1. Suppose we filter 55, 98, 102, 120 for residues that are of a type outside the set (Phe, Trp, Tyr) and on the phi > 0 side of the Ramachandran plot; which single one remains?
2. Of all residues in segment 37-52, which are touching a strand residue (DSSP E or B) at 6+ places or on another chain (Cβ under 8 Å) and either within 18 Å of residue 125 (Cβ to Cβ) or modelled with pLDDT of 80 or more (or both)?
3. Are there strands (runs of 3 or more DSSP E) fully within segment 80-131 with at least 2 residues that are among the small types (Gly, Ala, Ser) and farther than 18 Å from residue 58 by Cβ? List them.
4. Give me the pairs, please: first residue somewhere in segment 86-103 and without any contact (Cβ under 8 Å) to a residue 60 or more places away in the chain and closer than 17 Å to residue 71 by Cβ, second residue anywhere and part of a strand (DSSP E or B) and polar (S, T, N, Q), beta-carbon distance under 7 Å, and either six or more positions apart or on two chains.
5. Can you name every residue in segment 42-67 that is acidic (Asp, Glu), part of a loop (DSSP other than H, G, I, E, B) and in contact (Cβ under 8 Å) with a residue 12 or more places away in the chain?
6. With the condition kept exactly as written, say whether any residue in segment 23-36 is acidic (Asp, Glu), over 17 Å from residue 127 (Cβ atoms), surrounded by fewer than 20 Cβ atoms within 10 Å (Cβ to Cβ) and modelled with pLDDT under 55.
7. Among the residues of segment 108-131, which ones are modelled with pLDDT under 90 and among the basic types (Lys, Arg)?
8. Any chance you could count how many residues in segment 69-79 are touching a strand residue (DSSP E or B) at 6+ places or on another chain (Cβ under 6 Å) and either among the basic types (Lys, Arg) or more than 15 Å from residue 50 (Cα to Cα) (or both)?
Amino acid sequence: MGRWGMALMAGIVGAFALAGLAGADTAPGADTPAAAKPVADPMEAAYANTVKISGKDGDVYVYFNRDGTFTSTGPGGDKFGTWKIVGDKVCTHTKDGGESCGVVQPNRKVGDKWTQDIDGETLQVEIIPGR
């Protein structure tokens with residue numbers, strides 16, 4: 001996956017509509033939540049789609065699963081592991097011990113393309129439909 005693979009995976013996991021992670025709203029002047037609003041699953045766009053990461057080492061394809069697991073494939077081989085949201089970060093952990101967290105990026109969706117700098121390399125990231 002290259003030296004940037006795990007760090008980028010953690011950084012881009014949050015690229016899916018993560019607004020609303022804070023939970024329920026608080027009524028003006030109240031110390032308790034006004035109403036418990038259901039928070040949409042922030043990873044919903046990822047489950048049936050693919051996150052493609054392109055850099056000088058080649059392309060990496062990441063597949064996130066509803067059960068908190070992911071797989072990826074790329075020039076560095078296949079990786080398997082888990083992901084979870086911790087506060088405003090998304091953290092990944094691979095079966096071989098690799099671990100990384102990245103800040104959530106709100107409002108990304110299928111079809112979005114952007115760049116992200118990891119360890120001095122600018123990478124192209126996109127969310128493509130399907131697996």
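1. Answer to the check: 120.
2. Pass one, segment 37-52, residues touching a strand residue (DSSP E or B) at 6+ places or on another chain (Cβ under 8 Å): 37, 42-43, 45-47, 49-52.
Within segment 37-52, 42, 43, 45, 46, 47, 49, 50, 51, 52 meet the criteria.
3. On the way: elements: 89-94, 99-103, 113-118, 121-128.
Result: 99-103.
4. If the second residue must be part of a strand (DSSP E or B) and polar (S, T, N, Q), the pairs left are 93/82.
5. Here is the first cut: in segment 42-67, the residues acidic (Asp, Glu) are 44, 57, 59, 67.
Narrowing further to those that are part of a loop (DSSP other than H, G, I, E, B): 57, 67.
Answer for segment 42-67, where residues must be acidic (Asp, Glu), part of a loop (DSSP other than H, G, I, E, B) and in contact (Cβ under 8 Å) with a residue 12 or more places away in the chain: just 57.
6. Of segment 23-36, the ones acidic (Asp, Glu) are 25, 31.
In the following step, the residues that additionally are over 17 Å from residue 127 (Cβ atoms) were identified as 25, 31.
Keeping just the survivors that are surrounded by fewer than 20 Cβ atoms within 10 Å (Cβ to Cβ) gives 25, 31.
Right, trim to modelled with pLDDT under 55 and you get 25, 31.
Yes, segment 23-36 has at least one match.
7. Of everything in segment 108-131, those that are modelled with pLDDT under 90 and among the basic types (Lys, Arg) turn out to be 108, 109.
8. So the first thing to find is which residues in segment 69-79 are touching a strand residue (DSSP E or B) at 6+ places or on another chain (Cβ under 6 Å), and the list is 69-75, 79.
Pick out the ones that are also either among the basic types (Lys, Arg) or more than 15 Å from residue 50 (Cα to Cα) (or both) and you get 75, 79.
Selection size over segment 69-79: 2.
The values are calculated or read from the model by the stated rules, or taken from the named source; none is laboratory data. Here the structure is a predicted model, which is why all the values come from computation and not from measurement. Counting neighbours? That spans all protein chains shown, and the Cβs are built from the backbone with ideal geometry, glycine included.
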